[in-house]
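> Dumping the structure here so I can ask a few things about it.
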Amino acid sequence: MTRNSKESAPPAPLSPATFHVLLALAGEDLHGYAILKEVEQRTGGSVTLSTGTLYGILKRLLADGLIIESRSRPSARGEDERRRYYRLTPSGREVASAEAERMDQLVTDARARRLLGKLRPA
């Protein structure tokens, strides 16, 4: 029995911007502007995505089945009904988790080669 090359190959690394979007959606369903703000806030402003970059990423993630457009909307007053909310799919969570594991291994390797200091408390 031969394995499909997709099954046997490790997933390709995600672009940093794509990983940031998946990471933002791992917490809760968000609309585009909220994703931009979440990434900016979480990175202390060191990563800012343009709207063009964000919506290109969202389009690819939707096409790949890693996110879906959420049917439910928050019931907050004043919320714009035209906003599209996005949700991570189980496949999207797996891909994001695999990328986090890959990066964790890189950091472990960097520490072993004394490129980084000791672990910092969270």
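The values are calculated or read from the model by the stated rules, or taken from the named source; none is laboratory data. Because the structure is predicted, anything quoted here is derived from the model rather than measured. Heads up, the Cβs are rebuilt from the backbone with ideal geometry, glycines too, and the neighbour counts pull from every protein chain shown.
> Is segment 94-113 home to any residue that is more than 18 Å from P13 (Cα to Cα) and either at pLDDT 95 or above or assigned to a loop (DSSP other than H, G, I, E, B) (or both)? Before you say what the answer is, go through the steps one by one.
Going through segment 94-113, the residues more than 18 Å from P13 (Cα to Cα) turn out to be 111-113.
Narrowing further to those that are either at pLDDT 95 or above or assigned to a loop (DSSP other than H, G, I, E, B) (or both): 113.
Yes, the conditions are met somewhere in segment 94-113.
> Turning to a different aspect of this structure: So in segment 23-42, with the set limited to residues that are outside any helix (DSSP H, G or I) and within 13 Å of the chain's Cα centre (by Cα), which one is farthest from Y86 (Cα to Cα)?
Taking the candidates together, the pick is E28.
> How many of the residues making up segment 20-59 are among the charged types (D, E, K, R) and surrounded by 17 or more Cβ atoms within 10 Å (Cβ to Cβ)?
2
> Looking at (1) part of a helix (DSSP H, G or I); (2) at pLDDT 95 or above, which is the one condition that is false for K6?
(2)
> For segment 44-87, how many residues are in a loop (DSSP other than H, G, I, E, B), under 16 Å from L22 (Cβ atoms), modelled with pLDDT of 95 or more and not hydrophobic (A, V, I, L, M, F, W, C)?
2
> Another question, if that's okay. Could you please tell me which pairs satisfy a Cβ distance under 6 Å, a separation of 6+ or placement on different chains, a first residue in segment 82-97 that is in contact (Cβ under 8 Å) with a residue 24 or more places away in the chain, and a second residue that is among the acidic types (D, E) and surrounded by 14 or more Cβ atoms within 10 Å (Cβ to Cβ)?
The qualifying pairs are Y85/D29; R87/D29.
> Could you run through segment 86-117 and say how many residues are over 21 Å from the mean Cα position of the chain (by Cα) and of a type in the set (K, R)?
Selection size over segment 86-117: 3.
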